[in-house]
Amino acid sequence: MQKTMMAKPILGGLLGSVLAAVVLCIPAALVFKFTSISEGPLSLVALGIVAVSAFTGSFIGTKFIKSKGLINGLLIGLIFFSVLLVITLIASPVKALTFAGFMKKMAICLIAGASGGILGVPPS
């Protein structure tokens, strides 16, 4: 596939990741707001949402590319992580990310993206 033709599925995968994150955040926020669940598991829920979103976007993107699922999945996961990083820095500029949190989120995005990319390639 030509490089210019690959941009659309990759951007589509990124859009899928962002939409999945928004769709998953809404019910999670409602559950934490209207139930007596403590905020303790919130960080685990957030990491789960990041993982599912990166997986979903990579799966969607490589479904259209139809080849190189690992590479394209990693790329979509990395771009999604970059978007999350920019949003995080804009939303809380005073509170900087810790290095451990940064690495954890990046690893989750890359692993989930690679997994979604591999599983998104249709069998030959």
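Since only Leu85, Leu11, Val45 are under comparison, the one whose Cα sits farthest along the positive direction of the charge dipole of the chain, derived from C-beta charges on Lys, Arg, Asp and Glu, is Leu11. Partner lysines whose Cα lies under 23 Å from the Cα of Lys8, excluding those fewer than 8 positions away in the same chain, are identified as Lys63, Lys66, Lys68. Rounded to the nearest 20, the Cβ-based charge dipole of the range 3-120 about its Cα centre (Lys and Arg +1, Asp and Glu -1) stands at 320 debye. Measuring how big the range 1-62 is from its alpha-carbon positions, Rg and Dmax come out at 15.0, 52 Å. Across Gly40, Gly12, Gly61, mean-square fluctuation computed from a Gaussian network of the chain (C-alpha pairs under 10 Å connected) peaks at Gly40. Size check on the range 8-124: the Cα extents along the three principal axes, sorted descending, read 49, 29, 21 Å. The mean sequence separation of alpha-carbon pairs under 8 Å and at least six residues apart, normalised by the residue count of the chain, gives a relative contact order of 35 percent. For the chain, modelled as a GNM whose springs connect Cα atoms under 10 angstrom apart, the maximal fluctuation among Phe55, Phe80, Phe102 occurs at Phe102. Of the trypsin sites (Lys or Arg not before Pro) found in the range 31-124, those in coil by DSSP whose Cβ has at most 14 other Cβ atoms within 10 Å are Lys66, Lys95.
Since every read-out is calculated from the coordinates, none of them should be taken as a lab result. Treat the numbers as computed from the prediction; the structure is a model and nothing was measured. Cβ atoms come from the backbone with ideal geometry, glycine included; neighbour counts cover every protein chain shown.
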